[in-house]
Amino acid sequence: MIFRSEHICIELRTGSRKISNFCWAFILFLGSLGFLLVGTSSYLGRNLIPFFPSEQIIFLSQGIVMSFYGIAGLFISSYLWCTIYWNVGSGYDRFDRKEGIVCIFRWGFPGKNRRIFLRFLIKDIQSIRIEVIKDGIYDRGVLYMDIRGQGAIPLTRTDENLIPQQIIDKAAELSRFLRVPIEIF
């Protein structure tokens, strides 16, 4: 979502709270819970899952492995749920031509450096850079901002599925607003 006036442009960034992350976290939780229940059923010798007979699974080889996969899946699922809860990666990009300042803010993982805040002058921006990545049969682009003395700062996520024309349009719009050149790599 972009808010724009004559001198200020603010672009909101979505973080981990995407529908795909919710789906993957839920599917991973259910699958790993199933693996753990099957492994526990084979250890106890009782059917904890009514439609799956535990007599067919031997605990010393298959049950241990299924329990391990279940526990590992629960850890990964809890990691995904935590990133969704903390909304890691969300924030905003604020471009202010009147004050000549660019502010980039993102939420990170909890701790000392949870708030990621970058601020620099518009006159230090050398260019808006487009990097086209060939990924199988599809091309995708990533948008960067080259800052003098600090290198390239990504403005789009690598998992954003924007076609090259959308990246070019976004780069052209931003370079017009900031009055800096575009570079394509």
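The values are calculated or read from the model by the stated rules, or taken from the named source; none is laboratory data. Because the structure is predicted, anything quoted here is derived from the model rather than measured. Ideal geometry is used to build each Cβ from the backbone, glycine not excepted, and the neighbour counts take in all protein chains shown.
Taken as a whole, region 101-116 holds no residue that is in contact (Cβ under 8 Å) with a residue 12 or more places away in the chain, within 19 Å of the chain's Cα centre (by Cα), not in a strand (DSSP E or B) and not assigned by TED's automatic domain parsing to the domain that holds residue 12. Of everything in region 18-45 that is under 13 Å from residue 75 (Cα atoms) and aliphatic (A, V, I, L, M), the residue that is surrounded by the fewest Cβ atoms within 10 Å (Cβ to Cβ) is 30. Restricting region 64-80 to residues that are of a type in the set (S, T, N, Q) and either free of Cβ contacts under 8 Å to residues at least 12 places away in the same chain or within 27 Å of residue 110 (Cβ to Cβ) (or both), which is surrounded by the most Cβ atoms within 10 Å (Cβ to Cβ)? It comes out as 77.
Residues are listed down the side, and each one gets a yes or a no for (1) outside any helix (DSSP H, G or I); (2) among the aromatic types (Phe, Trp, Tyr); (3) touching an Asp or Glu at 6+ places or on another chain (Cβ under 8 Å); (4) in contact (Cβ under 8 Å) with a residue 24 or more places away in the chain:
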site: 16; (1), (2), (3), (4): yes, no, no, yes
site: 25; (1), (2), (3), (4): no, no, no, yes
site: 28; (1), (2), (3), (4): no, no, no, yes
site: 38; (1), (2), (3), (4): no, no, no, yes
site: 46; (1), (2), (3), (4): yes, no, no, no
site: 62; (1), (2), (3), (4): no, no, no, no
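Being closer than 17 Å to residue 93 by Cα, assigned to a strand (DSSP E or B) and within 19 Å of the chain's Cα centre (by Cα) narrows it down to one residue among 128, 133, 153, 167; which is it?
On the way: 128 fails: within 19 Å of the chain's Cα centre (by Cα); 133 fails: closer than 17 Å to residue 93 by Cα; 167 fails: assigned to a strand (DSSP E or B).
Of the residues listed, the single one that is closer than 17 Å to residue 93 by Cα, assigned to a strand (DSSP E or B) and within 19 Å of the chain's Cα centre (by Cα) is 153.
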